[in-house]
Each structure stands twice: as C-alpha cells, then as structure tokens.
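So the structure is just underneath, and the comments pick up after that.
The values are calculated or read from the model by the stated rules, or taken from the named source; none is laboratory data. In this text, all values refer to a predicted model and were calculated from it rather than measured experimentally. Cβ atoms come from the backbone with ideal geometry, glycine included; neighbour counts cover every protein chain shown.
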Amino acid sequence: MRRTEIIVSSHSDFCFGVQRALNIAKEALKKNRIVYSVGPIIHNPQVVSEFSREGLKIINDVKEICALRAKGKSKKINLLIPSHGISPEVLRKNRIAFIDTTCPLVERVQRIVRDLSRKGYFIIIVGDKKHPEVRGLAGIAGKNFRVLKNKREAKAFNFPQGASAPAEKKLKRIALISQTTASVSNFKEILSEIAKKDFKELVSFNTICKNTIDRQSEAQRIARRVEAMIVIGGKNSANTSKLAKACRKINKNTCHIETREDLKTEFLKGKKSIGIATGASTPPYAIKEVVERIRRNDI
Ligand code: SF4
C-alpha cells in the first residue's frame, strides 16, 4: 500500500509570544505553589490542563482577585496576565500587582491605541469583541471606539450620533487597527468599506502579527497542493480558527481538530496527500501524534 504523503507546515512551533508566556509561567510556578491567570494563559485546552496540574488556576475576572484579597484568603496573590493581555488600566485601578506575559506585539498595539485615544481619534478595532485581546484594547480606547468583525458589520457601521457622540471634529478622525490574529483579507475588506464613509482623516495600522500572516500563507500554500488539510489547535483559539477558515477557502477537505482523537478514519480514507498546519498556541507534540495516527491508518 502506498504511504500517504504528509506535508507539515514549516510554521508549526509555538509563536514566540506564546513560548515566552509559557516560560514566564513555568518560572512563576517554580517559585509559587499557586498562580492565578486571568483567563487561560494561552488558547489551548491541553496545555492549559498541563499547567493547571502544576498549580495555575484560572479566574475569569480580576474582581475575583479583589474578592480573595477582601476575604483575606491570601496575603500575596500571584496574578498572571496571559499572552493576549488585558487592559492594564483595570489592574492599575484595582492596584493589583501582576506577572505580565503579554506578548510584546500585543503591547505595541495597546500603545498605539492609547496614543490614538489621547489624540482624540475614533478607533475602529478589527476583531472579535469577545476576544480578551480586543477587550483589553477596548478598555484602553475609552468611549470612542467600535469593534468590527467583518465586511457586513463595516458596511452597516454608522458613527455614533446624539449626545454621547464625540465632538464633530473628533468624529471625523478615524483610526483603524487590528487584533493581532485577524486575517489580512478581512482587515483589507473592512478598511475599504470604512474608506467609503464620511471622514476628515483616516489612518490605518495593520497590526496583524507577522507570525499570523506567515502561518496563514504557508498553510494556504500547502492546502493548494494536498488532497486534505488538517489544522490542529484549540477550538477557542482565534488564530487557529482563522487558519482553518483560510485553508477551507482553498481546500474544502479541511478539518480543524484539537487532538488526534478528533481525527475521523473516514476523513483520512483514500487520501494520498495530507497537509498539517497548527495554530500559534498548539504544542509541537500534537503534530507528532497526528502524524502517527495518519501512519496507523496507512497500515
Ligand atoms: S500570535 Fe503574534 S501577537 Fe499573538 S502571541 Fe503570538 S507572536 Fe504575539
């Protein structure tokens, strides 16, 4: 029987921001029995479980830390900010010390938003309003911002009117920025829709991280060549979901799985070539396991 050709993307390690966050968390856990993280440290359930066994506890809101402090449950609480960051303003307001694993590229976007906000721009954030990175950016932007997810939302978008609207002068100055893990084509589509609106000044910052762009283009290159494409990564990972969507656009035989257990024999059946791509927070061992699973199917 002919062996299935397997092509693994050359961009399949943790991205540097995720690797850095995990290294910092490991160091913190060496020194402390319990460390709290605001949301999962990275968007991969398997890695998060490994860290929770080592003592990393997830809280959903910094208010939970305030409550723990108020109850006197712990004199010193070790709070870790995940790689996608949260609004530093929230922490400062609550006077909470923290261990920061925010990716430097996310911090850069936070600085841009802070600067634009000070200058009075109306800020449009391209991304998912529920994503922690976007929530953090929104917290920095203040009141004059809007999150847009896609072209449809951009088309329907109107600048706020009435008493709560920014002053006329400010209203006409628009700045567009992006979640670091957004897709380039989506960002461009939204930008072209916003460019049709009435404004005095429009500035745009493509703040999509290079690792995300390289990962997407390499995965799409492979998706063009193979009969089926497997994208491995957390279902809660924005960049993995977008990677799967980008591959599916090119190759309908694309599946998004978290682990080898999700891989169906039916999907592998008869495929002579299979491509594998991973999200920025997918552990490298997941690829090895999926390759082994495909090879078992060859027998
Ligand atoms: S995907 Fe990019 S921005 Fe996000 S953590 Fe990784 S390197 Fe940083």
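Restricting region 276-299 to residues that are among the β-branched types (Val, Ile, Thr) and either in a helix (DSSP H, G or I) or surrounded by 21 or more Cβ atoms within 10 Å (Cβ to Cβ) (or both), the residue that is modelled with the lowest pLDDT is ILE294.
Listed here are the residues, each with its yes/no results for (1) outside any strand (DSSP E or B); (2) surrounded by 14 or more Cβ atoms within 10 Å (Cβ to Cβ); (3) touching a residue at least 40 places away in the same chain (Cβ under 8 Å).
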| site | (1), (2), (3) |
| --- | --- |
| ARG3 | yes, no, yes |
| SER10 | yes, no, yes |
| ARG20 | yes, yes, yes |
| GLU27 | yes, no, no |
| SER37 | no, yes, yes |
| ILE42 | yes, yes, yes |
| ILE58 | no, yes, no |
| HIS84 | yes, yes, yes |
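Mind listing whichever residues of region 222-255 are assigned to a helix (DSSP H, G or I) and within 17 Å of ASN44 (Cα to Cα)? ALA238, ASN239, THR240, SER241, LYS242, LEU243, ALA244 - these are the residues of region 222-255 that are assigned to a helix (DSSP H, G or I) and within 17 Å of ASN44 (Cα to Cα). Candidates are the residues of region 93-152 that are part of a loop (DSSP other than H, G, I, E, B) and β-branched (Val, Ile, Thr); the one that is nearest to the chain's Cα centre (by Cα) is THR102. Listed conditions (1) out of contact with any Leu (no Cβ under 9 Å at 6 or more places or on another chain); (2) modelled with pLDDT of 90 or more; (3) charged (D, E, K, R) are all met by ARG3, apart from (2).
None of LYS172, LYS129, LYS151 is closer than 25 Å to GLY234 by Cα and either of a type in the set (Lys, Arg) or at pLDDT below 85 (or both) except LYS129. None of SER273, SER217 is loosely packed, with under 15 Cβ neighbours inside 10 Å and within 16 Å of the ligand (Cβ to nearest atom) except SER217. Among the residues making up region 171-206, those that are under 24 Å from the mean Cα position of the chain (by Cα) and part of a helix (DSSP H, G or I) are VAL184, SER185, ASN186, PHE187, LYS188, GLU189, ILE190, LEU191, SER192, GLU193, ILE194.
Considering the conditions (1) within 16 Å of the ligand (Cβ to nearest atom); (2) surrounded by fewer than 16 Cβ atoms within 10 Å (Cβ to Cβ), ILE208 is excluded by exactly one of them, (2).
Each row is one residue, and each column tells you yes or no for (1) away from the ligand (no atom under 16 Å from the Cβ); (2) outside the structural domain of LYS269 (by TED's automatic domain parsing); (3) among the acidic types (Asp, Glu).
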site	(1), (2), (3)
GLN179	no, yes, no
ALA182	no, yes, no
SER192	yes, yes, no
ASP198	yes, yes, yes
ILE232	no, no, no
LEU243	no, no, no
LYS249	yes, no, no
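Applying the set (1) in a strand (DSSP E or B); (2) in contact (Cβ under 8 Å) with a residue 24 or more places away in the chain to ILE65 leaves exactly one unmet item: (1). For VAL113, the criteria (1) touching a strand residue (DSSP E or B) at 6+ places or on another chain (Cβ under 7 Å); (2) more than 15 Å from the ligand (Cβ to nearest atom); (3) in contact (Cβ under 8 Å) with a residue 24 or more places away in the chain; (4) within 26 Å of PHE145 (Cβ to Cβ) hold in every case but one, which is (2).
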